[in-house]
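Below: one structure, written as structure tokens.
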Amino acid sequence: MIGHRVFDDPRNRLVLEFVRLVADLDADYFVFENVKGLTVGRHKGFLQELVAAFQKVGYRVELPWQVLDAANYGVPQHRERLILFGARKGLDLPSYPLPVCRPADSLDSSNLPVGPTVADAIGDLPDADGFTELSDGDSVRTTSYGKLSAYASEMRASDPASWRFGIPRVWDAQLLTSSWRTEHTPISRQRFAQTAPGTTEPISRFYKLDAEGLSNTLRAGTDGARGAFTSPRPIHFEKDRCVTVREMARLHGFPDWFRLHWTKWHGARQIGNAVPPPLGRAIAGQVVKAMQHVPDPVRDAISLGDPSLLFVQMSAAAQKFGVDAPSMRRDRKSGAKKRSQAETEAARLQSFTFPSE
């Protein structure tokens, strides 16, 4: 909803490639996930075309389509996404999952339990600024976790039941990962500290988290061809810094054993591009129900994957998979020169109008 939303962007046609893949795989069921913007304005035509294309190749789609907010499914973040359920004709269609909680910042007075807050999600995590090892790396061994909320306990996988139908992993629970520190300037830290929780810092436009509220939508940013813009990570509710990738992961519903790329850039993009796992679980549960299948929990733990893959750079990754590396050169230049922190602060002060004495 915040981008240029160009109607004739060739990437819009990828929705029909999704139809082709479902048909080629001869799938019984499918789930299509996309941004809310596909339901608005001229882009709604793509959505209608998509439904018609599925019907043409033998699939029914649950209508009317719905936009689900992850905050209603146990995620401490507002994140709205379009979900389409489809089934081969003759099979039962999945229905949309009912909310399991009401967001902590909602005025809803239903009998649903209140979902996790920002503090529930990240309040127990050790402060990354307290570890020199995190100045040039993303992990450190520590036991200095705070009191666990019910949500944080599930993220820590401290109870065997927290694995649900997932495959348990063998992992080092004392290894804090995805926590490479961000070196902010003193000016930025001062501005962050002065920003009220639940508001946007006026210079950086970073949102400051409210401990008792929910996170704003975590975004992925853009690739190199579109300016290599890193979407802003929100400001911590009590620290004068942006949240770490691990704190982002907690706000998204990724458990602590799940490893992300070691850089802040790629790790944050992985999260911003992902469906929150608790929302994915609610959606998948509806497909399982339509299939009338009762899965058995897996109790035999497996080891994590090869950690060296977390440090692979773009060119090496492209070579590994036999594809061309994506261009990191911008398609267009704005011609604008980026201002320094001091220049930005000076411009801000000059914009103020002071009353005469």
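The values are calculated or read from the model by the stated rules, or taken from the named source; none is laboratory data. Note that the structure is a prediction, hence the values are computed from the model and not measured. Using ideal geometry, Cβ is built from the backbone for each residue, glycine included, and neighbour counts are taken over all protein chains shown. All accessible areas refer to the heavy atoms of the entire protein, side chains included, with ligands and DNA or RNA removed. Shrake-Rupley method; radii C 1.70, N 1.55, O 1.52, S 1.80 Å.
Any idea of Trp171's accessible area? Nearest 10 Å², probe 1.4 Å.
Solvent-accessible area, nearest 10 Å²: 60 Å².
Positive end of the charge dipole of the chain (Lys, Arg +1 and Asp, Glu -1 on Cβ, about the Cα centre): tell me which of Thr244, Ala121, Gly90 has its Cα farthest that way.
Gly90
By how many nm would the segment from Gln55 to Ser327 grow when fully extended, if each residue of separation counts as 0.36 nm and the alpha-carbon distance is taken off?
Between Gln55 and Ser327, full extension yields an extra 94.2 nm.
Given only helices, namely DSSP H runs of n ≥ 4 each adding -39500 (n - 2.57), what is the per-residue ellipticity at 222 nm of the chain, to the nearest 500 deg cm²/dmol?
Calculated from helices alone, the mean residue ellipticity at 222 nm is -7500 deg cm²/dmol.
Provide the percentage of antiparallel DSSP beta bridges, counting only those with both residues in the chain; round to the nearest 5.
Among the beta bridges of the chain, antiparallel pairing accounts for roughly 80 percent.
Tell me the relative contact order for the chain as a rounded percent, counting alpha carbon contacts under 8 Å between residues six or more apart.
Answer for the chain is 16 percent.
Accessible area of Asp306, 1.4 Å probe, to the nearest 10 Å²?
90 Å²
What full-extension length gain, to one decimal in nm, is calculated for Glu238 and Val312 as 0.36 nm per residue of separation minus the Cα-Cα distance?
Full extension of this stretch gives 23.3 nm more.
First measure r as the distance between the Cβ atoms of Leu21 and Arg164, then evaluate 1/(1 + (r/R0)^6) with R0 = 25 Å and state the FRET efficiency to the nearest 0.05.
0.35
Can you compute the charge dipole magnitude of the chain about its Cα centre, using +1 on each Lys and Arg Cβ and -1 on each Asp and Glu Cβ, nothing else charged? Give it in debye, rounded to the nearest 20.
1080 debye
From the Cα gyration tensor of the range 105-206, with a ≥ b ≥ c the square roots of its eigenvalues, which class applies: rounded if a/c is under 1.5, or else prolate if a/b is larger than b/c, or else oblate?
Cα axes put the range 105-206 in the oblate bin.
Heavy-atom accessible area per residue, the chain, 1.4 Å probe: how many Å²?
Counting only protein heavy atoms, the per-residue value for the chain is 56 Å².
Provide the solvent-accessible area of Glu62, counting protein heavy atoms only and rolling a 1.4 Å probe, rounded to the nearest 10 Å².
Per-residue accessible area (Glu62): approximately 50 Å².
What part of the accessible area of the chain, given as a whole %, is carbon or sulfur when the probe is 1.4 angstrom?
C and S fraction of accessible area: 54 percent.
Quick check: with the 1.4 Å probe, what order do Glu154, Glu133, Glu238 take by accessible area, largest first?
Descending accessible area places them as Glu238, Glu133, Glu154.
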